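See below for the structure under consideration.
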Amino acid sequence: MERNLPTMLDIWDKTLHWQPSDRQNQQFAQLYTAILEGNKKQNLTRITKPQEFWEKHLWDSLLGVAPFFIPDYAVAALQKKSSLAKNLKIIDIGTGAGFPGLPLAIANPDWSVTMVDSTRKKIAFILRAIAQLQLSNAEAIVSRAEALARQTPHREQYDLALIRAVGQASVCAEYILPFVKIGGFAVLYRGYWEETDTIALKTAVNQLGSEITLIKPTKTPLSDSIRHCIYLYKKSSTPDLFPRQVGVPNQQPL
Ligand code: SAM
């Protein structure tokens, strides 16, 4: 079976107006190999075919943060409130095998990326991958989001907080908004999205010190799948009550 990761330089360029360097392509390929090897010992991801891995794990990971590092992709609605900046501090909650966190750390050596997951084995995999890929700008922590967000070194310390495929949108918002500095953004990576989702999310984000700034629909370049990136602006401090005790956000969504 073909196991070489395609570089897709023209598609990166056409869709996100960005291209990886040779070194970044090499690191993407190393990550792909590490995932295939890791999958033999533990269940990391079912997305293992080369093109599918490129689209669903690499391209999709960068899509959500493209407005913050690609000048040609900057989105007017976000630009009013943010600026393209080096040295952003990012946190990725429920990162699993390192998505979206690892591709971001590769694409943005100036950003510092903290990946968090409650499963020890997945974090152990990420730590090995960080060492193999020599990523000096990435770290990985075993924790529940609800517990870590109460620790001073993490609470309201990040420019961007990201979450993909962890649960319902208002639960995700309660997990990640407490990590975001005032003036920063939370990004929810979603698939299908409807007006009723927006209404439900609004109720949650209002309580968490935030507002929905932008809902950006996109189709993925190879399989034409629907994606929505939801950008939440942090306008005031999250009340101490949030996140609620471990398990409560998921059992009783806001
Ligand atoms: N974000 C990755 C991706 O898109 O490929 C992984 C998604 S996986 C379906 C969901 C992950 O979230 C699991 O690895 C799980 O352990 C983690 N998770 C779920 N609830 C969590 C919580 N409250 N705190 C930390 N991690 C959590």
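With all pairs of different C-alpha atoms in the average, the Kirkwood value for the hydrodynamic radius of the range 145-254 is 14.0 Å. Computed from the C-beta positions of Thr119 and Lys80, the FRET efficiency with R₀ = 35 Å rounds to 0.40.
Each peptide in 39-49, 86-96 was scored by the mean count of other Cβ atoms within 10 Å over its residues; highest first, the order is 86-96, 39-49.
The listed residues Thr119, Thr114 rank as Thr119, Thr114 when sorted by accessible area, largest first, using a 1.4 Å probe. Applying a threshold of 24 Å to the alpha-carbon distances of Lys14/Lys181; Lys122/Lys235; Lys56/Lys181; Lys49/Lys122; Lys89/Lys216 flags Lys14/Lys181; Lys122/Lys235; Lys56/Lys181 as lying beyond it.
Compared with the direct C-alpha span, the chain from Ile70 to Thr48 gains 5.2 nm at full extension, assuming 0.36 nm per residue.
On the range 9-251, 49 percent of the accessible area sits on carbon and sulfur atoms, based on a 1.4 Å probe. Is the C-alpha gyration tensor of the range 27-122 telling us rounded, prolate or oblate? Criteria: a/c under 1.5 is rounded; beyond that, a/b larger than b/c is prolate, otherwise oblate. It is prolate, given that a/c is not under 1.5 and a/b is the larger ratio.
For the chain, the Kirkwood hydrodynamic radius from C-alpha pairs, put into Stokes-Einstein at 4 °C and a viscosity of 1.567 mPa s, yields a diffusion coefficient of 71 µm² per second. Expressed to the nearest 5 percent, the antiparallel share of DSSP beta bridges inside the range 9-251 is 45 percent. What fraction, in whole percent, of alpha-carbon pairs in the range 1-83 exceed 18 Å separation? Above the 18 Å cut-off, the range 1-83 has 48 percent of its Cα pairs. The helix-only estimate of mean residue ellipticity at 222 nm for the chain, built from DSSP H runs of length n ≥ 4 each weighted as -39500 (n - 2.57), is -9000 deg cm²/dmol after division by the residue total.
The values are calculated or read from the model by the stated rules, or taken from the named source; none is laboratory data. On a predicted model such as this, the values are computed, not experimentally measured, just so you know. Please note: Cβ atoms are built from the backbone with ideal geometry, for glycine as well, and neighbour counts cover all protein chains shown. Side chains are part of the model used for accessible areas, which takes the heavy atoms of the whole protein and leaves out ligands, DNA and RNA. Shrake-Rupley method; radii C 1.70, N 1.55, O 1.52, S 1.80 Å.
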